[in-house]
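Data first, discussion second: the structure below is written as structure tokens.
The values are calculated or read from the model by the stated rules, or taken from the named source; none is laboratory data. Remember, predicted model here, so these are calculated numbers, not experimental data. Note that each Cβ is placed from the backbone with ideal geometry, even for glycine, and that neighbours are counted across all protein chains shown.
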Amino acid sequence: MELTLAGVGTRLGGRWVVDGVDATPPAGALTGLLGPNGAGKTTLLRLVAGLLPAEAGAVLVSDEHAVAGGADRPGPAPGGNGGRLGGWETPLRRPDGLETPALRPAVPVTSLPRRLRARRIAMLEQESSAAVPLLVREVVALGRVPYRSWWGSDPDDAAVARALSSAGASHLADRTWDSLSGGERQRVHIARALAQEPELLLLDEPTNHLDISAQLSLLTFVRSLGVTTVAALHDLNLAATFCDHVLVLSEGRLAAAGAPADVLTPHLLREVYKVDADVLTHPATGRPVIAFPGDATLSTSVPLAR
Amino acid sequence: MARDAAERVRGVVGHDEPAAAAAVATGDAPSPAPASPPEPASSTAPASPPRPRAARRPPLGLLVGVGGALLLATLVVTVTVGPADLAVTEVLRSIAGHLGFRAAEVPRLDDAIVWELRLPRVLTAAAVGAGLAAAGAVMQSLTRNPLADPYLLGLSSGASLGAAAVLLLGLGVLLPVAAFAGAVLALLATLSLARTGGSLTPTRAVLAGLAVSQLAAAATSFVIFWTAKGDSYREILSWLLGSLAGATWSSVAIAVGAVAVAGLVLVFWAGRLDAFAFGDTAAAALGVDPNRTRWLLMTLVALLTGALVSVSGSIGFVGLLVPHAVSPFTGPAHRRLLPVAALAGAVLLVWADTLARTVFDPRELPVGIVTAMLGAPVFAWLLRRSRGASWS
Amino acid sequence: MPNRRVLAGFTLLALAVPLAACSAADPRATPTAPVVGPAPAATTTAGFQPVTLDNCGVPVDVGAPPERVVTIKSTPTEMLLALGLGERIVGVAYQDGPVPDEWAADAAGLPVLSDRVPGQEAVLELAPDFVYAGWESNLSADGAGDRAVLAERGIGTYVSPSACQEDGYQPDPLTFDDVFAEIEEVGAIFGVPERASEVAESQRAALDSIEPVTGVSAFWWSSGTDTPYAGGGIGAPNLILSTAGMTNILADVHETWAPAGWEAVIAADPSVLVLVDASWNTFEHKVEYLESNPALSQLTAVQNQRYVRLPFASTEAGVRNVEAAASVAQQVRELGLGG
């Protein structure tokens, strides 16, 4: 899926939580969404998912699989490239009066019908707790909701099984949700997202609750899927290691965008994260490695009270 | 290109490659050997071991078949049971005669007992039980609260207020209308209290329902203690506890009609309810409009409950308990849960009502007492069984 | 759901409170009740014998005949009127219906304190020295006042003994001896024993002159609609019916009144239906319900319109029960039954 953020912004409670973000996460790659707490990462992900309407600008997604009128269709059309229908080729006018260039044929994500959107975009939130005792298999089956007919025909067991196995969670299939550890739950959430067979994967802090080996294998796995993925991460080194592209948010605005090596500089870290750090280069991969000194105090940082 | 990516996802998802699986080893446990399929070596799993359960739940057809057969058997048995000592053959002859089959003459009074008292009563009980159970299941999902019941939005309190008012004004004939009107007014009050800028969050709905309930209950108490003369309070008490004693064929029509209409709508919306399991954002991400769905379904539940309460008073525990009792067998998928819960609720209430009208023959208890007496121990048992469940 | 339970609990509690108040183990009940009534110098009857009795488990000590009485419910009011004590009534409350014609003149001037159970302050405002109640529950803290508390204020209380709920005090079954005993007891309390004996005698005579009917069964419907509140086997309804010679279809139910199921009534198919006429559930309402109900309209009694009508006040134990029994017998005969 081609994804473009065109000057997108929204207010919550009067404040611009996301403010004029322009970005083009590369298709088929893992883009890291970075920034300190409160920078607007979760809100931006929700805007991209179409769960929040943008008050300014738009989130545009490629239109290859929509038909005229935006009717629901079960999954991508077999064979051939979908027609370029319903494209939006006029330039977008931003609130500050500047025009962005004419974009490739694309539609605002909020214009897609909900079910179609749910078949193309899968999102994993940060906090989630189920109120009912579900089996893991049933949790993953929720990912098939956008594909079900009106009565909710039997969930596609084959698709559920495939999603479970590719997420490496088949052995958990008959466990109850409450009996899982944090890492196992994250694994099952990924399986649920995979069951949606998405073209765009949005992950909000997926590496929370995971130990280092799980964090590494999760991100390796996500990269290997080859789906356009935007993941909010708080661990800079993980982002540096795995992301092809990073977007750094600071107080709702895009502070930097580009390859990790270009973006993650000590200057940026000082400006956005308010920390002093050195950026080294990994001997084997050539990727940046951020090294924090033991005592990272800075004149502009707020010292912790003793 | 996007399509390629999508196919690649399906491709990855479609392969059961040990290598891919092993690459995503269990997070907090030691990594198994790469070649073998990952075993659940979760040494850090919480205290309760995986509950031993059948690999699959019983298929829906089986559950519905068993439930339906049970309900039919229940109806047939309970219509032959009662304070009047009627032979089974006589009962069946009476029913057959009314249905148009040729049957031997049945004494006028016995016929009246069967056709005008017992049969409408068991049918109403079945419909009310089914409706309350389904409504309870829907409310529990909409509010993500296992303690929700159909009366959460202040419906039964509003209906009680309407009923008490007409009963004490001596306008008993208007009871169903007044009760329904009371329920609807309570719903409107709750929804307008709960909405914040057009959206209806589950917590606000619950709290608003509580406020309206308390207000209506206070008003009902006031009406009773202010106007009740002599022993007329008994009539209201009977209604407040829920009673099917006054069931007639028009009650059957109302109850069955309401359940049929609501059931038809739920058939289309059951799938959407599933998406709420992880909250509103997840539901939206799965393609369901949480706000609109919640508004529509709450209104539907309110109308259904209002209709049921207008014929039977506010019978408790059925809506709360039956979904919990049934979901271990059906799972949480609403297209399975709702029909089975409805059947179970019907069976439960018919038996409860039969107990209410026969155990203390010739006296009669309000059926709400029986459901409470049955319900409380069952609830306790359910709590004990589900040690590992999410109520902890 | 909590609100329904609160309501039911409240109602049960309101009924339980007077039971608790009446229990002999009530710590607030003084072992010897304070002597109540005005100072002996104000006796209006010479040679009054002070009375000590156990009324529903509460000791009542009357040192002088009460002069200012508040009556709650109809049976106490009518009792006093029958004993010619109307001038001593300073307030009536919670009356169940109009008094019979013979006392209408006396009753006309009686101040009505309240349509329902009065509150304590309203009662105390009248400065009574005695409260005579028809139900135990009338004398509770949220009613006219707790009996012990009133006694401490020098106000005597008395509940119609047939209305006692506790085992040992509830007449089981109620007989006319119990009813007449109350007349004598009240006479003693108020210092008019001879008048009481006269009234009791004339009632006995009237009782003896009742010719019971034969071969008639009856269902006694007091109130309620979908679930009728009916006369059971041990209370005033059964007494009236059996005195009139009729069989109560609920005679085996060991209660004064009980909620019945209509099916049991249809199964028994009684010869007549005794319909109590109360302002909150009228005779007409009952008839209309019976005749419009598809099941009940099949009852023999409904098809032949065999209804007996009694005013509510005469159906609780008191001075009108004999008259009620006679009326029932007469009405049955007028319907062409009973021989």
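Taking only pairs six or more apart or across chains, which ones have beta-carbon atoms under 7 Å, a first residue in the stretch C:265-282 that is in contact (Cβ under 8 Å) with a residue 12 or more places away in the chain and among the hydroxyl-bearing types (Ser, Thr, Tyr), and a second residue that is surrounded by fewer than 22 Cβ atoms within 10 Å (Cβ to Cβ) and in a strand (DSSP E or B)?
That search, which allows pairs on different chains as well, returns C:271/C:217.
Can you pull out every residue in the stretch A:216-241 that is in a helix (DSSP H, G or I) and either closer than 17 Å to residue A:35 by Cβ or among the basic types (Lys, Arg) (or both)?
A:223, A:236, A:237, A:238, A:239, A:240
For residue B:157, are the conditions met, namely being of a type in the set (Ser, Thr, Tyr) and closer than 19 Å to residue B:297 by Cα?
It is false that residue B:157 is of a type in the set (Ser, Thr, Tyr) and closer than 19 Å to residue B:297 by Cα.
Where residues in the stretch C:144-167 are farther than 14 Å from residue C:59 by Cα and free of Cβ contacts under 8 Å to residues at least 40 places away in the same chain, which of them is surrounded by the most Cβ atoms within 10 Å (Cβ to Cβ)?
Per the stated criteria, the residue is C:145.
Considering only the stretch C:171-208, how many residues are over 15 Å from residue C:51 (Cα atoms), surrounded by fewer than 18 Cβ atoms within 10 Å (Cβ to Cβ), free of Cβ contacts under 8 Å to residues at least 24 places away in the same chain and of a type outside the set (D, E, K, R)?
Total satisfying the criteria: 3.
Name, by its number, the condition in (1) of a type in the set (Phe, Trp, Tyr); (2) on the phi > 0 side of the Ramachandran plot; (3) more than 10 Å from every other protein chain (Cβ to nearest Cβ) that does not hold for residue B:329.
(2)
In the stretch C:199-254, which residues are among the hydroxyl-bearing types (Ser, Thr, Tyr) and touching a strand residue (DSSP E or B) at 6+ places or on another chain (Cβ under 9 Å)?
Scanning the stretch C:199-254 gives C:217, C:222, C:223, C:225, C:227, C:229, C:242, C:247.
What number of residues within the stretch C:322-337 are out of contact with any strand residue (DSSP E or B) (no Cβ under 9 Å at 6 or more places or on another chain) and either outside any helix (DSSP H, G or I) or surrounded by fewer than 22 Cβ atoms within 10 Å (Cβ to Cβ) (or both)?
Of the residues in the stretch C:322-337, 6 are out of contact with any strand residue (DSSP E or B) (no Cβ under 9 Å at 6 or more places or on another chain) and either outside any helix (DSSP H, G or I) or surrounded by fewer than 22 Cβ atoms within 10 Å (Cβ to Cβ) (or both).
Determine whether the stretch B:140-158 contains at least one residue that is under 30 Å from residue C:264 (Cα atoms), within 11 Å of another protein chain (Cβ to nearest Cβ), more than 16 Å from the chain's Cα centre (by Cα) and assigned to a helix (DSSP H, G or I).
no
Report yes if residue B:140 is of a type in the set (S, T, N, Q), buried (at least 20 other Cβ atoms within 10 Å of the Cβ) and out of contact with any Cys (no Cβ under 9 Å at 6 or more places or on another chain), otherwise no.
When the stated conditions are applied, residue B:140 passes them.
Going through the stretch B:124-170 one residue at a time, which ones are of a type in the set (Val, Ile, Thr) and within 30 Å of residue C:280 (Cα to Cα)? Write out each step before concluding.
Residues of the stretch B:124-170 that are of a type in the set (Val, Ile, Thr), as a first pass: B:124, B:128, B:138, B:143, B:166.
Result: B:124, B:128, B:166.
For the stretch B:55-134, which helices (runs of 4 or more DSSP H) that fit wholly inside it have 3 or more residues that are surrounded by 17 or more Cβ atoms within 10 Å (Cβ to Cβ) and away from every other protein chain (no Cβ under 14 Å)?
B:60-79, B:88-98
Name the residue that is surrounded by the fewest Cβ atoms within 10 Å (Cβ to Cβ), counting only residues in the stretch A:1-44 that are of a type in the set (Lys, Arg) and assigned to a strand (DSSP E or B).
Initially, the stretch A:1-44 is screened for residues of a type in the set (Lys, Arg), giving A:11, A:15, A:41.
Now drop any that are not assigned to a strand (DSSP E or B), which leaves A:11, A:15.
Values: A:11: 14, A:15: 10.
Going through the qualifying residues, I end up with A:15.
For residues that are touching a residue at least 40 places away in the same chain (Cβ under 8 Å) and part of a helix (DSSP H, G or I), scanning just the stretch A:187-215, find the one that is nearest to residue A:135 (Cα to Cα). Give the derivation first.
Let us first name the residues in the stretch A:187-215 that are touching a residue at least 40 places away in the same chain (Cβ under 8 Å), namely A:188-206, A:208.
Imposing the further condition that a residue be part of a helix (DSSP H, G or I) reduces the set to A:188-195.
On the way: A:188: 11, A:189: 13, A:190: 15, A:191: 13, A:192: 12, A:193: 16, A:194: 17, A:195: 15 Å.
Once the filter is applied, the top-ranked residue is A:188.
Tell me which residues, restricted to the stretch A:90-128, are polar (S, T, N, Q) and either in contact with an Asp or Glu (Cβ under 7 Å, 6 or more places away or on another chain) or at pLDDT below 65 (or both).
A:90, A:100, A:126, A:128
Could you check, for the stretch B:318-330, whether at least one of its residues is among the polar types (S, T, N, Q), under 30 Å from residue B:248 (Cα atoms) and at pLDDT below 90?
Of the residues in the stretch B:318-330, the ones among the polar types (S, T, N, Q) are B:327, B:330.
Checking which are under 30 Å from residue B:248 (Cα atoms) leaves us with none.
No: the stretch B:318-330 contains no residue that is among the polar types (S, T, N, Q), under 30 Å from residue B:248 (Cα atoms) and at pLDDT below 90.
Tell me which residues, restricted to the stretch A:136-150, are modelled with pLDDT of 75 or more and at the interface with chain B (Cβ under 7 Å from one of its Cβ atoms). Working first, answer last.
Taking the stretch A:136-150 and keeping what is modelled with pLDDT of 75 or more, we get A:136-148.
Answer for the stretch A:136-150, where residues must be modelled with pLDDT of 75 or more and at the interface with chain B (Cβ under 7 Å from one of its Cβ atoms): A:138, A:142, A:145, A:146, A:148.
Go through the residues of the stretch A:214-231 one by one and say whether even a single one is in contact with a strand residue (DSSP E or B) (Cβ under 8 Å, 6 or more places away or on another chain), surrounded by 23 or more Cβ atoms within 10 Å (Cβ to Cβ) and among the small types (Gly, Ala, Ser).
Yes: one or more hits.
Can you tell me which residue within the stretch C:301-321, out of those that are in contact (Cβ under 8 Å) with a residue 60 or more places away in the chain and part of a loop (DSSP other than H, G, I, E, B), is nearest to the other protein chains (Cβ to nearest Cβ)?
It comes out as C:316.
Taking the stretch B:177-211, which residues are within 12 Å of another protein chain (Cβ to nearest Cβ) and under 18 Å from residue B:244 (Cα atoms)?
The answer is none; no residue qualifies.
Please state which one of B:152, B:169 is modelled with pLDDT under 90 and within 23 Å of residue C:292 (Cα to Cα).
Numbers: B:152 fails: within 23 Å of residue C:292 (Cα to Cα).
Exactly one of B:152, B:169 is modelled with pLDDT under 90 and within 23 Å of residue C:292 (Cα to Cα), namely B:169.
Looking at B:336, B:363, B:385, can you tell me which residue is without any contact (Cβ under 8 Å) to a residue 60 or more places away in the chain and away from chain C (no Cβ under 14 Å)?
One residue alone meets the criteria, B:385.
What are the residue pairs meeting all of these: first residue in the stretch C:229-243, first residue farther than 21 Å from residue C:211 by Cβ, second residue β-branched (Val, Ile, Thr), Cβ atoms under 6 Å, and 6 or more apart or on different chains?
C:232/C:253; C:232/C:256; C:233/C:253; C:234/C:256; C:235/C:256
Identify the residue in the stretch A:261-291 that is surrounded by 13 or more Cβ atoms within 10 Å (Cβ to Cβ) and touching an Asp or Glu at 6+ places or on another chain (Cβ under 8 Å) and, among all such residues, is nearest to residue A:244 (Cα to Cα).
Looking at the filtered set, the residue picked out is A:290.
How many residues, within the stretch C:250-300, are within 11 Å of chain B (Cβ to nearest Cβ), surrounded by fewer than 22 Cβ atoms within 10 Å (Cβ to Cβ) and within 18 Å of residue C:328 (Cα to Cα)?
Here the count works out to 3.
Which of the residues spanning the stretch C:104-120 are charged (D, E, K, R) and either over 16 Å from residue C:93 (Cβ atoms) or in contact with a strand residue (DSSP E or B) (Cβ under 7 Å, 6 or more places away or on another chain) (or both)? Walk me through it before giving the result.
Initially, the stretch C:104-120 is screened for residues charged (D, E, K, R), giving C:106, C:115-116.
Of everything in the stretch C:104-120, just one residue is charged (D, E, K, R) and either over 16 Å from residue C:93 (Cβ atoms) or in contact with a strand residue (DSSP E or B) (Cβ under 7 Å, 6 or more places away or on another chain) (or both), namely C:106.
Looking only at the stretch A:161-175, filter to residues that are out of contact with any Leu (no Cβ under 8 Å at 6 or more places or on another chain) and not in a helix (DSSP H, G or I); which one of those is farthest from the other protein chains (Cβ to nearest Cβ)?
Result: A:169.
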